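See structure below.
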Amino acid sequence: MSCVEFKKLGKTDVNLPVLGLGTWGIGGMMSRHLGGEENQVQALRLGLELGMRFIDTAEMYASGHSEEVVAMAVEKKRESVFIATKVSPQNLTYEHVLRSCESSLRRLKTSYVDLYQVHWPNPSIPIGGTMKAMEKLVEEGKVREIGVSNFSAQQTREAEEALSRKGIASNQVEYSLTERSIEEELLPYCGREHVTLIAYSPIARGQIPGGGRDARWRVLDSIAQKYSKTRTQVALNWLIRKEPVVAIPKAANLEHVKENAGSAGWRLRKEDQDALNDAFT
Ligand code: NAP
């Protein structure tokens, strides 16, 4: 059941679990929601125990409270968890990035984040200043690796070119069986340039396990049956079989966490991977 697979993060030496833990909705949605943290911490801890030792959060989630819940979940085991957080698009000037990072570190109760990501591009703030701040944070030991999110191939290249020492380690974008638009340009770009693609909403915000009954879903169901896996497990395995892709499903329900952890450690055969590619085009 545990996730024991890893991929190299970008061009770094970091071994990243192929499945991480999303946190949108943990601690609240756009604003902080107090209450329910105990269960959320329990779900994150179970995910960590099952090998998904990679948590994705953001300063935007629950106005920072998501980062605080993550801090509770990783208490006393910080060193064994890969923590990724994000700076919001309105905070991308040099000074703002430094300030946002300090606030995230304070909420996360840690002295460094493993991956600091630009949450969304902001065309009205030049990427040069943002990346300079990122490099300063790396120099100061507050950030280990630099990532982006929701960047096109062209925007990722521009971010890369604005860096003088480090490279862009990852780009976090929406990717699932039902949302495949990144396959045309961004996925091949990331493959060529060794930028890890972190797939968000990898089970389409719960749509895949719920799902429909038409022909494409029947293909998914018959493959799931063949491997004695669930729809979700097949859909996540289909994603992590692709290079250079890792996925970050979010689950607050303990049964969901266990099910998701069982998506790694086995392999869809090529003909089944291809059948899913064709069914969900
Ligand atoms: P998701 O992971 O595709 O789906 C989450 C939903 O699916 C939750 O309602 C969850 O319910 C349910 N679920 C999880 N596992 C399940 C299972 N095995 N069976 C049935 N239902 C299951 O969607 P997401 O939260 O949008 O994306 C994942 C993470 O990506 C986010 O949490 C966030 O960290 C990140 N993200 C990033 C961006 C960005 O702009 N960079 C945007 C969106 C998301 P329960 O919680 O009740 O278990």
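More than 17 angstrom separation, counting every C-alpha pair in region 108-202; what % is that? Can you show the working numbers first?
Numbers: 2174 of 4465 pairs.
Summing the P(r) of region 108-202 above 17 Å gives 49 percent of all pairs.
Specify, per residue and in Å³, the volume enclosed by the convex hull of the alpha carbon atoms belonging to region 155-202. Show your work: numbers first, answer last.
On the way: hull volume 3.2 nm³, N = 48.
It comes to 67 Å³ per residue, whole-number rounded.
Search the structure for amide H atoms under 5 Å from the amide H of LEU21, placed 1.01 Å from N in the peptide plane, and list their residues when 5 or more places away or on another chain.
PHE54, ILE55, ASP56
Distance from the Cα centre of region 2-38 to that of region 227-281, in angstrom?
Measuring centre to centre over Cα atoms gives 16 Å.
Tell me which aspartates and glutamates have Cα within less than 15 Å of LYS8's Cα, excluding those fewer than 8 residues away on the same chain?
LYS8 reaches ASP114, GLU145, GLU193, GLU243.
For region 1-137, what D do you get in µm² per second when you plug the Kirkwood radius from alpha-carbon pairs into Stokes-Einstein at 37 °C and 0.692 mPa s? Provide the component values of the computation, followed by the final result.
On the way: Rh = 15.4 Å.
Rounded to a whole number, D works out at 213 µm²/s.
Check the straight Cα-Cα distances from LYS132 and name the lysines below 19 Å, setting aside those fewer than 8 residues away within the same chain.
Those lysines meeting the cut-off are LYS86, LYS142, LYS166.
Going from most exposed to least, what order do HIS96, HIS65, HIS194 have by accessible area with a 1.4 Å probe?
On the way: HIS96 65, HIS65 10, HIS194 105 Å².
The ranking, largest first, comes out as HIS194, HIS96, HIS65.
Out of all Cα-Cα pairs in region 139-281, roughly what percent, to the nearest whole number, are more than 18 Å apart?
Numbers: 5836 of 10153 pairs.
It works out to 57 percent of all Cα pairs.
What fraction of the Cα pairs in region 226-281, stated in percent, has a spacing above 18 angstrom?
Values: 476 of 1540 pairs.
Counting pairs separated by more than 18 Å, the tail of P(r) holds 31 percent.
Looking at the chain as a GNM with Cα springs under 10 Å, which of LYS132, LYS270, LYS142 has the largest mean-square fluctuation?
LYS270
Quick one: net charge around TYR61, please, counting Lys, Arg +1 and Asp, Glu -1 for every other residue with C-beta under 13 Å from its C-beta.
Details: positive: ARG32, LYS86, ARG107, LYS250; negative: ASP56, GLU59, GLU67, GLU68.
Net charge in that neighbourhood comes out at 0.
Determine the alpha carbon to alpha carbon distance for each of LYS76/LYS242; LYS77/LYS250; LYS11/LYS242 and list only those over 24 Å.
Numbers: LYS76/LYS242 34 Å; LYS77/LYS250 20 Å; LYS11/LYS242 17 Å.
Pairs exceeding the cut-off: LYS76/LYS242.
Where does region 1-45 land on the Kirkwood hydrodynamic radius, alpha-carbon pairs, in angstrom? List each step's numbers first, then the result.
On the way: mean 1/r = 0.0777 Å⁻¹.
That comes to 12.9 Å for region 1-45.
When N is the residue count of the chain, what does its C-alpha Rg come to as a fraction of 2.2 N^0.38 Å?
Values: Rg = 18.1 Å, N = 281, 2.2 N^0.38 = 18.7 Å.
Its radius of gyration relative to the 2.2 N^0.38 Å reference: 0.97.
Once Rh for region 20-69 is found with the Kirkwood sum over Cα pairs, what is the Stokes-Einstein diffusion coefficient at 37 °C and 0.692 mPa s, in µm²/s?
Details: Rh = 10.6 Å.
Approximately 309 µm²/s, per Stokes-Einstein.
For n ≥ 4 DSSP H runs only, could you compute -39500 (n - 2.57) per run for the chain, divide by its residues and tell me the 222 nm figure to the nearest 500?
Details: 11 runs with 113 residues, N = 281.
Counting only the DSSP helices, I get -12000 deg cm²/dmol.
Going by Cα centres, region 142-193 and region 83-127 are how many Å apart?
Measuring centre to centre over Cα atoms gives 16 Å.
For the chain, what does the relative contact order come out to in percent, with C-alpha contacts under 8 Å and a separation of six or more? Present the calculation step by step, with values, prior to reporting the outcome.
Working: 573 pairs, mean separation 58.9, N = 281.
Relative contact order, the chain: 21 percent.
The values are calculated or read from the model by the stated rules, or taken from the named source; none is laboratory data. This structure is a prediction, so every number in the text was calculated from the model and none was measured. Here the Cβ is made from the backbone with ideal geometry for all residues, glycine too, and neighbour counts use every protein chain on show. For the accessible areas, the whole protein counts, side chains as well, though only heavy atoms, and no ligand, DNA or RNA atoms are used. Shrake-Rupley method; radii C 1.70, N 1.55, O 1.52, S 1.80 Å.
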